[in-house]
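Colleague: Below are the structure tokens for one structure; questions will follow.
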Amino acid sequence: MPELAQHQDLVVTRAAGFADLAEQVSARVVEHIDRVLRQHEFCTVALTGGSTPAATYRSLSAADLPWDRIHVLQTDDHIVADSETGPSWSVIERDLLHRCAVPVANRHPMPVRTGPGLASAVRRYDMQIRSLLRGQSPDVVVLGLGEDGHTASIFDGDPSALTADRVVVTTAPYHGVTRMTLTLPTLARGGLRVVLACGTAKAAAVAGLLGEGAPRTSAVAGILRGGGMLFVDDAAMSVADAATG
Ligand SMILES: O=C1O[C@H](COP(=O)(O)O)[C@@H](O)[C@H](O)[C@H]1O
């Protein structure tokens, strides 16, 4: 059974392991999508890449949802060579889109291919997503947590994603790779905001987020503030547990 706790202004849900956590996250996302679709024509879902959410996406793909009323976009991705697919979009395709019936027109991969057209492609994409969201934020935002505490592609010391003037931007290179990301204000106003952290590699970042260790990036704290949900497994809580005895 998951353990639920209110920590300051975010909700922490804890499970013993990865698979259990994926089921919990998926159930929460489905519940929220159902609620949105009872009131609106369609629901917008922004998904991250990385290894952590893959099981959640597989579980989500088995849900009995009206997929033609769901739009899938990305929280962030890497800029790649001209012929490649962004690694984060590949995860979303492999673990969700190849397993359920989201129409092609409802799939919104970031235009991450490098080249002279990149800047104008990002501006066009920004306008498309802005129009899709009708000036709002995604109904559902699913994020991971980097070992250094970053979320989406919002990194300490890089102000690119802090602007309120854009929905999507490219970032400064991070470990040599330029990223594309939804901006912090866009993510922070999402309907259901979920951050997943599994494994001991994330334990220091989780402790920092929960205020039990050195402060880490404020982006994830800002996104979760006011009722966002942090889903963790026991391993990711090991440093926070040790700090609180
Ligand atoms: O660099 C990134 O990593 C995080 C975490 O990835 P994971 O493989 O450990 O789950 C990811 O959420 C983020 O989008 C990406 O920028």
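Please treat every number below as a calculation from the coordinates, not as lab data. Just so we're clear, the structure is a prediction, and the values are computed from it rather than from any experiment. Here the Cβ is made from the backbone with ideal geometry for all residues, glycine too, and neighbour counts use every protein chain on show.
Colleague: Please give the Cα centre distance for the range 168-245 versus the range 45-114, rounded to the nearest Å.
Modeller: If you average the Cα positions of each part, the centres end up 20 Å apart.
Colleague: Quick one: Karplus J couplings for the range 58-72, per residue in order, coefficients 6.51, -1.76, 1.60, θ = phi - 60°, nearest Hz, x for Gly and Pro?
Modeller: 5, 5, 4, 5, 8, 6, 7, 10, x, 4, 6, 9, 10, 9, 10
Colleague: So what's Rg/Rh here for the chain, counting alpha carbon atoms and using the Kirkwood radius for Rh?
Modeller: Over the Cα atoms of the chain, Rg/Rh equals 0.95.
Colleague: While we're looking at this one, here's another question. Between Val140, Ala119, Pro109, whose Cα lies farthest towards the positive end of the dipole of the range 3-244 when Lys and Arg beta carbons carry +1 and Asp and Glu beta carbons carry -1, centred on the Cα centre?
Modeller: Sorting the options by dipole projection puts first Ala119.
Colleague: Here's something else I'd like to know. Just the number: Rg to Rh for the range 1-81, Cα atoms, Kirkwood Rh, two decimals.
Modeller: Using only Cα positions, Rg/Rh for the range 1-81 is 1.00.
Colleague: Run through the DSSP bridge list for the range 1-85 and note the antiparallel percent, rounded to the nearest 5.
Modeller: 50 percent
Colleague: About the Cα centre of the range 3-244, what is the dipole size in debye to 20, counting +1 per Lys and Arg Cβ and -1 per Asp and Glu Cβ, all else neutral? Present the calculation step by step, with values, prior to reporting the outcome.
Modeller: Numbers: 21 positive and 26 negative charges, 151 e Å.
For the range 3-244, the charge dipole is close to 720 debye.
Colleague: Pairs of Cα atoms under 8 Å, at least six residues apart: use those to get the relative contact order of the range 42-162, whole percent.
Modeller: About 34 percent, as a whole number.
Colleague: Additional query: To the nearest 500 deg cm²/dmol, what mean residue ellipticity at 222 nm is calculated for the chain from DSSP H runs of n ≥ 4 alone, each contributing -39,500 (n - 2.57), summed and divided by the residues?
Modeller: -9500 deg cm²/dmol
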